[in-house]
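S.K.: Below is the structure I would like to discuss, written out as structure tokens.
The values are calculated or read from the model by the stated rules, or taken from the named source; none is laboratory data. In this text the structure is predicted, and so the values were computed from the model without any measurement. Virtual Cβ from ideal backbone geometry, glycine too; neighbours counted across all protein chains shown.
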Amino acid sequence: MVRRLLRLCASRDHDNAAAESLVSLYKKELIDFHGGWKNVMDVTIATMEWVAWYNMKGVHSFCGNVPPHEYEEAFYRSHGNAPVSTENQAK
């Protein structure tokens, strides 16, 4: 049974390449680098902070080495649109 599950997981590696890359980066930059966690809550809070940093300030090669937030703002400015948000939808 375990071997069958391992084969199934191995056959789907290509499907999760981007997710695996992100998880690897998360482990390297946060979990392994900082370490010494006291409890699960410490890891949870640190994870939320890392995700916020990654999305708002971390540079990404796929969007011209700028943070995703800045890339999105520039995209909407260049197209003369405001980003779609729940606030914009309510109006």
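S.K.: Just give me the residues in the range 18-46 being of a type in the set (Lys, Arg) and assigned to a helix (DSSP H, G or I), in sequence order.
M.R.: Result: LYS27, LYS28.
S.K.: Out of everything in the range 18-38 that is exposed (fewer than 10 other Cβ atoms within 10 Å of the Cβ) and not acidic (Asp, Glu), what residue ends up being modelled with the highest pLDDT?
M.R.: Among residues in the range 18-38 that are exposed (fewer than 10 other Cβ atoms within 10 Å of the Cβ) and not acidic (Asp, Glu), the one modelled with the highest pLDDT is LYS38.
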